[in-house]
Each structure stands twice: as C-alpha cells, then as structure tokens.
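The values are calculated or read from the model by the stated rules, or taken from the named source; none is laboratory data. These figures come from a predicted structure and were not determined experimentally. Note that each Cβ is placed from the backbone with ideal geometry, even for glycine, and that neighbours are counted across all protein chains shown. These accessible areas exclude ligands, DNA and RNA; they are computed on the full protein's heavy atoms, side chains included. Shrake-Rupley method; radii C 1.70, N 1.55, O 1.52, S 1.80 Å.
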Amino acid sequence: MAALLDISGLNKSFGGIKATDDLNLSVEPGELHAIIGPNGAGKTTLISQLCGLQRPDTGAIRFKGRDVTHVPPHRRARLGMTRSYQITSLIMEMSVRDNIALAVQARDGHAFRFIAAARKDRRLREQADALLARVGLQAKADMKAVALSHGEHRHMEIAIALASQAELMLLDEPMAGLGSEETKAMVKLLKGIKGKHSILLIEHDMDAVFALADRISVLVYGHIIATGTPDDIRSNSAVQQAYLGEDA
Amino acid sequence: MTRKTWITLAAMVALAVLPPVFYWTGNAFYLDLATRLTILAIAAVSLNLILGYGGLISFGHAAYLGLGAYAVGIPAYHWLYDGIGDWATNGFVHIGLAVAITSTFALITGAICLRTRGVYFIMITMAFAQMIYYLIVSIETYGGDDGLVIDTRSEFPGLNLDKPLQLFGLAYVSLVVVMLLVNMIVNSRFGMVLQAAKGNNERTVTLGFNTYIFQLVAYVISGAIAGYAGALLGNFTTFISPEMMDWRTSGELMFMVILGGTATILGPVLGSAAFILLEEILVDSLTWVEHLLDGILGMKIELSNYWHLPFGLLLIIIVLYVRGGLMGLINRKED
C-alpha cells in the first residue's frame, strides 16, 4: 500500500545549521508514527515544512501520492493535512466554540458567505459542540479561549485537528507543559482517535510515545537515525546512546 | 436584547430626531454639524471593518473619501464648463463612479499593501494615499491645491440635496444601511475568518483559509464604502480640495474609530460624534474665555486658535485610560 505521507531527501539549513539533514520518513494510512528526539533536533522545523510554512532547500514531500513540496499551506490543509501547535496557537479573543467552528468551516468550505450569521449556522454549531464534547470541553463552549487553562487549550488543539477531519494529523507536542494527570487524559484521547486518522506525532513524553506509537523514528540533528516499532527502538543501541541515555 | 443593542438603538434614534428638531427651531447650524458627523461616521464605520475587525491599520483612508468627492466634483465641473450631458449630474452616476474608482484603487493598492504587515502596512497605505493627494494637487484643471467648487449637487429622482434636511436624511439612511451591512459581514462566515486572521493569522492559514484573499476583499469593501461617504461629503461641502485626502484626515478617521471603540458597530459613530462635537465645544468655550479675559482684564489673546491643545490632551487621556474607547465605557458597566 502506498504511503499516505512520503518524505524523501529533505534538507533545510538556517545559515550554517542543518535543521533538516537528508530526512526520509513515511506515514502509512491509519498509522500513528511518532518522532522523538532531543531538544533542537529539528522536530518543529520538520512540521513547518510539512504543513508548508517553511520551504525545504531540497527534497520532496508527497502526500496521497501527490508532490506537495511547493503547495501553499492553506491548500495543503484542504488536501487533508492538519497540524496542531506545540505552543498553544488559538484565537484567544474568540470563544471556544468559535475557534472550533472556524475549523469546521475550513473543511465545510463556503467561507465567502457574507449574509447569514455564522454563529447561528446550525451545521457549524452542532459539529463544533460535538467535537467539544469529544474532548470534554462542552461546558466551556461560550467562554473566551483565553480564559481556559493550558491543559484545556491542548484539548482544544486536538478538537481543531479533529474538526478538519484530515486524513493526516501532524501533532506537535500535544503533551507539552501538561501535568501527569492531564497527560493521561491526553493519551486516552489520542488512543480514541488512533486508527481513525493517520497521525504524525512529535512528542517529548517517552511514556506517552511508547504507549501510543505504531512506529517510532528518532531524530537527531535533523537526521533520522532509526525507525522501527517501539520494541525495536527500545533495544536499538544507537538510539540509547544518542538520545535515551541512561534512562533507557 | 442586550444593553449594547439598546444603547445603539437609542443613539441612532437620537441622531435621527435631534438634528431636524434643531433645524426647525432655527438652529440650522446644528443640522450641518450632524450631517458632517453622519457622513464621517460612514467613513469611520468602513475603516473599522478593516482596522477593528481585520486588524489592518490603514493610514490612508482619507484617499477614498477624497476620490469619492472628486467623483462628484469632476463630472459636475465638465457639465458646467464643457456642456457635457445631464448624465454628469446624475447622483447614481456619481455614486457609481465613486464606488467603482475607490474599489479599483483599493483592489490594486490592497493587493500590494497586504503583502506587508505591522508598521510597514501603515506606512505603505499612507504612501498610496499621499500619491493620490499629490496627483490631485498637480492637476490644474481641477483647481490643484486650491480645490474645486462643486457647482451642482448630485441629482436623484424625488430628492433635492440642496435642501439640508434631505441631504441629512440621505446621509442618515446611508449610515444605518452601512452599519447593518458591516454588522452582517462581520458576523458571517467571511467575517469569522477575517477576525480569526486578526487574532492569529498563521493558525487561520494552516486551518485552510487563504487569509490574504479574505483581507483583500474586506479592504475593497471598506474602500468602496468610504468612497460612497466621499461622494456624500462632496455634496455636503460643495467644495473639494486635496486637503480632504491628506494624511491628517486619515489620522482623524483612525482617531474616530479608536476613540469610539474598535470592532464594535456603534463605536465609530460615537467616535465621530465625540470628535466633531468636541471640536465645536472647545472652540466655543475658548472663545467664551477670550471674551471674558478681554472684558475683565482687557487682555486680547486669541485662545480659540489653540483648541487643538486641549483636544489632543483629551484624546490622549481617553486612549490611555479608557480601554476599548467610548464603547469600552458602556461595556464595562455591563460586567
């Protein structure tokens, strides 16, 4: 079966620093593929290139068999690729429901409508409320996004990713800054999504990654040093040396 | 209905009722003031669409006002001096021209300006406006920097704009329609994207919206409405000069929006009212102090020439201490 996402020979430098170094990676349909790596390994740079906010120097990104290397970000999103943000990136002055409804609208299309009131649009509202229920935020739908806690913001990010019904979800450290209870809740949420969407998960939390991933790739200085099942990665000596250290 | 809606309705009813009452009781001056205020309010509401709801700080909005006014003045000029057909005084032609010219200007300049952000956007919108300003100054036929007298007002069937009350009526109805229009736009799906892009542009793009196009469309709508306001302003002043499209006028429009409260429907209207009325009140009261000083102490100081000083101070105080402008004052009490 052809890979949903296929990255080959990707390179990106900032000045003298190679943030992405001859990177090859694939995500199969339905797979949860996790990327781990120490700080500064180039994880977020990789996500930025995948969603189109940064241009790679060389290399190709194929999505659903189509070369999307030079496709602008808003079109990639419409092709079925969505991303969440490591640093919470919501529209803070809008309500929680409006944030989700906007993501629903992005998939629904028809954004060039000037007449009907969007907040009274049942199609947007009902889907947004259903998604909020799925991530456990239905009670806070009318609050402004800024009023919610960090953990709740992380859940909103997931709801937005779900709203797009994207075939591929690029999740940039969904557990970042969460406490242990909150992390458990997030792992549970992601387990529920897994299999229904293909996911490329970038994450620091090792327990979470080993609990969730079908395959894991280890990124060090912009280069993938190993790809395999969680068990493979756990027993890989190069990985232990480069990244897991004495913890492994 | 919320408190805000009630206040909006009350303010709009007051604006409809008070000026004619002043007129009938022999204070025609106040009707003039209200007409000017109403026309500038239309321009401020249009600016608020991009500035308040879109987060696009345009410092060139006066250009649209000026272009709209010249769209009335230039055909009227040729009608009088070159004897071109009577179509040249038709109000629908004037408004059609004003809207067509300003939306084209907005489309071309917006396409360029929106490639920049922040301070650069402010500077480039101002630069385009100044370009139009110097263009008009250089055209001797239309008076250059002396300006152009509009000898005949726009003609509409069943409407005589030479009658102050009818001109006010047209301006008032236009303001209400524009307010409803902008309210409808900002609450629509389109408006949601526009406001989201203001809050977090990158997120809105990665959701799948080409925010550039949304902002450009809003920019064109805003420019067209301001052009319409300009056509009304030309009819009101019956005189246009390049000064009308100077950067200072752009700044005044910006101030009206910020003073009244950005991203609210009534805010720019309150802002324009406060701006225009404050100007009058300050000049009047300084003149009064002048007479007092002259009468009591025999001092002859022309204080009223310096009304800008207390005016500026008041504006600074409001911007610094009242978050959200005059609408902020109203909303605060709601909490």
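Summary of computed values
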read-out	value
Extreme residue, surrounded by the most Cβ atoms within 10 Å (Cβ to Cβ), among residues of region B:221-257 that are among the β-branched types (Val, Ile, Thr) and within 11 Å of the chain's Cα centre (by Cα)	B:Val257
Answer from A:Arg123, A:Arg83 - the residue that is among the basic types (Lys, Arg), in contact (Cβ under 8 Å) with a residue 12 or more places away in the chain, surrounded by fewer than 15 Cβ atoms within 10 Å (Cβ to Cβ) and within 13 Å of another protein chain (Cβ to nearest Cβ)	A:Arg123
Residues of region B:21-38 satisfying the condition of being open to solvent by 70 Å² or more (accessible area, probe 1.4 Å) and in contact with a Leu (Cβ under 7 Å, 6 or more places away or on another chain)	B:Phe22, B:Tyr23
Condition met for B:Arg203 (basic (Lys, Arg) and open to solvent by 10 Å² or more (accessible area, probe 1.4 Å))	no
Qualifying residue in region A:143-151 (condition: more than 8 Å from chain B (Cβ to nearest Cβ), over 28 Å from B:Tyr53 (Cβ atoms), open to solvent by 50 Å² or more (accessible area, probe 1.4 Å) and in contact with a strand residue (DSSP E or B) (Cβ under 7 Å, 6 or more places away or on another chain))	no
Filter result (within 30 Å of B:Gly54 (Cα to Cα) and either of a type in the set (Val, Ile, Thr) or modelled with pLDDT under 95 (or both)) within region B:73-114	B:Ile95, B:Val99, B:Ile101, B:Thr102, B:Thr104, B:Ile108, B:Thr109, B:Ile112
Where B:Leu194 falls short, out of the listed (1) farther than 19 Å from B:Ser58 by Cβ; (2) within 14 Å of chain A (Cβ to nearest Cβ)	(1)
Any hit, region A:175-184, residues being within 22 Å of A:Met81 (Cα to Cα) and either within 13 Å of the chain's Cα centre (by Cα) or surrounded by 15 or more Cβ atoms within 10 Å (Cβ to Cβ) (or both)	yes
Residue within region A:55-67 that is surrounded by fewer than 16 Cβ atoms within 10 Å (Cβ to Cβ) and closer than 30 Å to B:Val182 by Cα present	no
Criterion: open to solvent by less than 20 Å² (accessible area, probe 1.4 Å), within 9 Å of chain A (Cβ to nearest Cβ) and at pLDDT 95 or above - qualifying residue of B:Phe168, B:Phe214	B:Phe214
Options A:Ser89, A:Ser95: the member that is polar (S, T, N, Q), at the interface with chain B (Cβ under 7 Å from one of its Cβ atoms), more than 15 Å from A:Leu162 (Cβ to Cβ) and open to solvent by 10 Å² or more (accessible area, probe 1.4 Å)	A:Ser89
Search result, residues across region B:1-18 that are under 16 Å from B:Leu270 (Cβ atoms) and either open to solvent by less than 40 Å² (accessible area, probe 1.4 Å) or without any contact (Cβ under 8 Å) to a residue 60 or more places away in the chain (or both)	B:Thr5, B:Trp6, B:Thr8, B:Leu9, B:Ala10, B:Ala11, B:Met12, B:Val13, B:Ala14, B:Leu15, B:Ala16, B:Leu18
Unique residue being out of contact with any strand residue (DSSP E or B) (no Cβ under 9 Å at 6 or more places or on another chain), under 24 Å from A:Cys51 (Cβ atoms) and in contact (Cβ under 8 Å) with a residue 24 or more places away in the chain when the list is A:Met156, A:Met92, A:Met169	A:Met156
